[in-house]
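All remarks here apply to the structure that follows.
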Amino acid sequence: MKLLTSPAPHVRTQDSTRKIMIDVIIALVPAVIAGTFFFGLQALILSILGMVSAEALEFFILRVLRKDKNFKPNGSAAVTGLLLALNLSVATPWWVLLIGVLFAIAIVKHTFGGLGQNIFNPALAARVFLLVSFPNVMTTWYKPIASFTGWYTDIQTTATPLAVLKSAGFSKVFESTNYFNLAFGNVGGCIGETSAILLFLGFLYLLFRGRIKVIIPATYIGSVLLVSAIFYNVNPERFGSPLFHLLAGGLMLGALFMATDMVTTPMTLKGQVIFGLGCGIMTMLVRYLAGYPEGVSLSILLMNALVPIIDRHTQPKIFGRRKNEQK
Amino acid sequence: MKLLTFKGGVHPPENKLTEDEKIQRAPLPDKVVVMMAQHAGAPAKVIVQVGQQVKTGQVIGEPQGPISAYVHSPVTGTVTNIAKVNSAVHGMAVEAVNIERSGEDEWELLPKLDWSKASKEEIIEQVKVAGIVGLGGAMFPTHVKLSPSKPVDVLIINGAECEPYLTIDHRVMLEMDEEILEGIEITKKVLGVNEVYIGIESNKKDAIEYLERKWNGKVKVAALKTKYPQGAEKQLIKAITGKEVPSGGLPADVGVVVQNVSTMIAIKEAVVDGKPLVERGMTLTGEGVNKRGNWWIRIGTPISWIIENLGGGLVNKYNELKVLMGGPMMGIPVPNLDTPLLKGNNGITVISEQKRESTNCIRCSYCVYVCPMNLQPYLLDLLARKKKYDDAAAIGLFDCIECGSCTYICPANVEHVKSIKLAKKVYRSLRGGKK
């Protein structure tokens, strides 16, 4: 009999990084189902390809290049790959997705030190990288086909609701769609972003499992609603309604799944409030003023870069100290 | 029932396997090993020689300096050896007196004190010569705690017992309530306080109801939410009074003194019966021993004897086990089973290891949410491992109470407490004992 003397505490939760990642993947299943339903089988293929290739690449980097024998796949790369796939148009060629995965995992994640060390959300950084590298592929959108077995080559291109708003005005948006379609995802856009309702369903699962920095989506979406409400009153035709801004584009996917990525967001509650507000205001600025119709990815990446500063200035008040005693 | 609590904390599996086991008196051990450091502060000085006959309750160690305590012989017998042994608690070798028992107890008692007539100073002196220290685990000399430097108006009795597995405080509250109450009356008189609370976690509902009925308002029973570390001194004070002990300060800074329930029994026995602190209640528990129970046992009894004679030996199927002084959250693993029971050991927990690899922090914030001191454990760990001790001290290294909530909850199994403990040690030695 051997006596062990490893340090306290001697009981640990049965929780693990892998369990967290699996929960995130489970929470994204409704979005994958919605994407497959609206854009056909190609959406499912891209999602799986993203997950498998990202996980395989991470395994290669750590086990072969870094010779880390203790590395066990934890699913974090699969989450990145899946999120990237969900952020692409259904007609994206498979090799473009692979380039995105390579950029996300090799450059954004592992040159910064791997899991937990990256500053930027790998999936979002890769999406913006692809947007710059393949502008055509990344901005060609397709009309939903509403059939699980449909094939994307049969479908027509369309403009996203946000692009219609930007180019033609708010009233034009509703010539081709309505709020019901916007909420369920029956509009043009990325594979995983269009169905606000099913994304919210996945979010509820994460909430139930305690896997999410819940303050961020609350303040993010709250500030989007607030800003758009103010501007809607100024000029409804140009700026669009708050409900429209909530349901259209990538806000739900971004606010619920990208801005809540544990690694690239602040650690304290106060910091998370600032992060969410910053994302929301920035998103609306891009939607209203910038050349791109959508600003979710850019705003989250920008706020990612500010996380170290936010963390530094939002340290919690230590028990038994007064506010001004701390640095 | 309204449950009081604090912000943060975790809820590990309670595993109170022995909560229904009545306290039994353990037989006397053949041999005891009495450490001279069974209290916070300077170790006591041995005043007996090898070969000398000692009686139960006879002083064998005298305090050195203001924060130190008397040590008494727990059996009647012969001193066979005086040598340094490694103390897992102190992390160094301390002097210990080995005594072989020659027969039944011959007591050497202190003069009994009529506490209703005795002066405050006389009672404190009695507590001091009885060698009483805090029995909750910290082992701070009780006579020092009974003479706070600032006026206090609230006495809190700690019956929270938030550590998983341990049940001795629960059992003494059910079985020895009269001794506890008398101990409280004595302590009240010494401190000059009128307001007394006993804080009990809601998983000991029977004790809450029993004491409410039995004590009938003489002590206010505060029902606490079952949450670890509810029994940590600062968190207990916050839950019951709403006051925060200032950083680096003592409970007396907010007018409070906290004492463990078992300490109350020791005070009563010392003052009323003249009995020095040579025995205490203890829980023997965990899946690694064959028999579990609550025992009234002599201090200095070797753990090997306890496991063999009270626990029916270790369970055979394990190749590796952890034998802990205390519970699984803050307990100290003993490196060998000859280690004796100390005054502050409220339990011996024998459990198997849950081995897990540490992986990268994924910034999930769980540690920040659960920290009862509102610290940032992930950052303290990071700074400690980068040897940035000054930076760590600036964000509250020394506010950490080492409760282990962060490490318990961490999905990446980061060893925050290990690096924080090490950083404190290094910082103290680098900064010449400052802080």
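For the pair segment B:235-270 / segment B:6-33, the C-alpha centres are spaced 22 Å from each other.
Above 28 angstrom, tally the Cα pairs of segment B:120-272 and express them as a % of all pairs, no decimals.
Working: 1317 of 11628 pairs.
The share of Cα pairs beyond 28 Å in segment B:120-272 comes to 11 percent.
Dividing the alpha-carbon radius of gyration of segment A:142-214 by 2.2 N^0.38 Å (N being the number of residues), what value is obtained? Walk me through the numbers on the way to the answer.
On the way: Rg = 14.8 Å, N = 73, 2.2 N^0.38 = 11.2 Å.
For segment A:142-214, the normalised Cα radius of gyration is 1.32.
For segment A:94-104, 3J(HN,Hα) computed residue by residue from phi via the Karplus equation (6.51, -1.76, 1.60; θ = phi - 60°) reads 4, 6, 5, 4, 5, 4, x, 5, 4, 4, 4 Hz, glycine and proline entered as x.
Placing a pseudo-label 7 Å from each Cα along the Cα-to-Cβ vector at B:T78 and B:V426 gives an inter-label distance of 5.1 nm. Over segment B:197-302, how many percent of alpha carbon pairs lie in each 5 Å bin up to the one with the longest distance? Pairs per bin, as whole percents: 2, 10, 14, 17, 19, 19, 13, 5, 1, 0. Legend: calculated FRET efficiency, B:S116 to B:R25, from the Cβ-Cβ distance at R0 = 35 Å, rounded to 0.05, equals 0.75.
Peptide B:205-215 is shielded by partner chain Cβ atoms: per residue, an average of 0 of them sit within 10 Å of its Cβ. Averaging 1/r across all pairs of distinct Cα atoms in the protein assembly as shown and inverting the result yields a Kirkwood radius of 29.2 Å.
Each Lys and Arg adds +1 at its Cβ and each Asp and Glu adds -1 at its Cβ; summed about the Cα centre, segment B:1-55 shows a dipole of about 260 debye. Projecting the Cα atoms of B:L397, B:I409, B:L375 onto the charge dipole of segment B:366-430, computed from C-beta unit charges around the Cα centre, puts B:L397 farthest toward the positive end. Working ranking of peptides B:351-363, B:248-260 by packing, defined as the average number of other Cβ atoms within 10 Å per residue, highest first, is B:248-260, B:351-363. Of the Cα atoms belonging to segment A:1-99, the radius of gyration and Dmax stand at 17.9, 62 Å.
For B:V75, the residues 5 or more places off, or on other chains, whose built amide H falls under 5 Å of its own are B:G57. Cα centroid separation, segment A:204-269 to segment A:120-194: 18 Å. Global size of segment B:366-430: 10.6, 33 Å for Rg and Dmax (C-alpha atoms, Rg to one decimal, Dmax whole).
With the gyration tensor restricted to C-alpha atoms of segment B:168-230, the semi-axes of the equivalent ellipsoid amount to 20, 13, 11 Å, longest first. With the simple spin-label model, which puts each label point 7 Å out from Cα in the Cβ direction, the A:F208 to A:I45 separation comes to 3.3 nm. Amide hydrogen proximity for B:F140: with H placed 1.01 Å from N in the peptide plane, the residues at 5 or more positions away or on another chain lying under 5 Å are B:A40, B:G134.
When the charge dipole of segment B:87-221 is built from unit charges on Cβ atoms (+1 for Lys and Arg, -1 for Asp and Glu) and taken about the Cα centre, the candidate among B:V190, B:M92, B:Y165 whose Cα reaches farthest toward its positive end is B:V190. The label point for A:Q14 and the one for A:S133, both projected 7 Å from the Cα toward the Cβ, are 4.2 nm apart. Per-residue mean of foreign Cβ neighbours for B:363-376 is 6 (Cβ atoms of other chains, 10 Å radius). Over segment B:293-350, the Kirkwood radius and the radius of gyration, each from Cα atoms, give a ratio Rg/Rh of 0.92. If you run the Gaussian network model on chain A, springs between alpha carbon atoms under 10 Å, then out of A:N70, A:N118, A:N178 the most flexible one is A:N70.
Compute the FRET efficiency between B:S102 and B:E125 as 1/(1 + (r/R0)^6), taking r as their Cβ-Cβ distance and R0 = 41 Å, and round to the nearest 0.05.
Working: r = 31 Å, r/R0 = 0.75.
Between B:S102 and B:E125 the formula returns 0.85.
In chain B, taking the dipole from charged Cβ atoms about the Cα centre, the farthest positive-side position among B:I265, B:I123, B:A222 is held by B:A222. In this Cβ point-charge picture (+1 for Lys and Arg, -1 for Asp and Glu), chain B has a dipole of about 1460 debye about its Cα centre. Placing a label point 7 Å from the Cα of B:K386 along the Cα-to-Cβ direction, the residues of segment B:343-373 whose backbone N falls under 20 Å from that point are B:359-368. Derived scalar couplings between HN and Hα for segment B:349-365 equal 10, 10, 9, 8, 7, 9, 6, 8, 7, 6, 10, 4, 4, 9, 6, 6, 6 Hz in order, rounded to whole Hz, by the Karplus curve 6.51 cos²θ - 1.76 cosθ + 1.60 (θ = phi - 60°), x for Gly and Pro. Note on chain A: with a GNM built from Cα contacts shorter than 10 Å, the maximum mean-square fluctuation among A:T177, A:T219, A:T160 falls on A:T177.
Peptide B:316-325 has a mean shielding of 3, counted as Cβ atoms of other protein chains within 10 Å of each residue's Cβ.
Separation of segment B:350-376 from segment A:1-71 is 19 Å, based on Cα centroids. About its Cα centre, the dipole of segment B:173-332 is roughly 320 debye, where the only charges are +1 on Lys and Arg Cβ and -1 on Asp and Glu Cβ. How big, in percent, is the set of alpha carbon pairs in segment A:171-290 lying more than 25 Å apart? Summing the P(r) tail past 25 Å for segment A:171-290 gives 22 percent.
Eigen-decomposition of the gyration tensor built on the alpha-carbon atoms of chain A gives equivalent ellipsoid semi-axes of 34, 26, 17 angstrom, largest listed first.
To the nearest 0.05, what FRET efficiency results for A:A290 and B:L3 with a Förster distance of 45 Å applied to their C-beta separation? Display every interim value, and only then the final one.
Details: r = 52 Å, r/R0 = 1.15.
Computed FRET efficiency for A:A290 and B:L3 comes out at 0.30.
Please arrange A:K67, B:K218, B:K322 by counting, for each residue, the other beta carbons lying within 10 Å of its beta carbon, fewest first.
Values: A:K67 8, B:K218 12, B:K322 24.
Ascending number of Cβ neighbours within 10 Å: A:K67, B:K218, B:K322.
Database remark: amide H of B:L4 closer than 5 angstrom to the amide H of B:A223, B:L224, B:K225 (H placed geometrically; neighbours at sequence offset of 5 or more, or on other chains; Pro and chain starts carry no H). Across the alpha-carbon set of chain B, the Rg to Rh ratio works out to 0.95, Rh being the Kirkwood radius. Note that segment B:141-151 has calculated 3J(HN,Hα) couplings of x, 5, 5, 5, 5, 7, 10, x, 7, 10, x Hz, one per residue in order, obtained from phi through the Karplus relation 6.51 cos²θ - 1.76 cosθ + 1.60 (θ = phi - 60°); glycine and proline are x.
Exposure proxy for A:E175, B:E14, B:E179, B:E100: other Cβ atoms within 10 Å of each Cβ, ordered fewest to most, give A:E175, B:E100, B:E14, B:E179.
Above 22 Å lies some portion of the pair distances; for segment B:319-435, what is it as a whole percent of all C-alpha pairs? Display every interim value, and only then the final one.
Working: 2870 of 6786 pairs.
When all Cα pairs of segment B:319-435 are counted, 42 percent exceed 22 Å.
Over the C-alpha trace of segment A:90-223, radius of gyration and Dmax come out as 17.2, 49 angstrom. The lysines whose alpha-carbon is closer than 18 Å to the alpha-carbon of B:K234, local same-chain residues fewer than 8 away aside, are A:K317, B:K7, B:K145, B:K150, B:K225, B:K243. Counting only residues at least eight positions apart within a chain, or on another chain, the lysines with an alpha carbon under 24 Å from that of A:K109 are A:K19, A:K67, A:K69, A:K72, A:K213, B:K386.
Structure remark: mean-square fluctuation, Gaussian network model of chain B, C-alpha springs under 10 Å; the largest value among B:P246, B:P141, B:P12 belongs to B:P246.
Each reported figure results from applying straightforward, stated rules to the coordinates on display, with no laboratory input. Note that the structure is predicted; figures quoted are calculated from it, not measured. Positions of Cβ are backbone-derived with ideal geometry, glycine not excepted, and every protein chain shown enters the neighbour counts.
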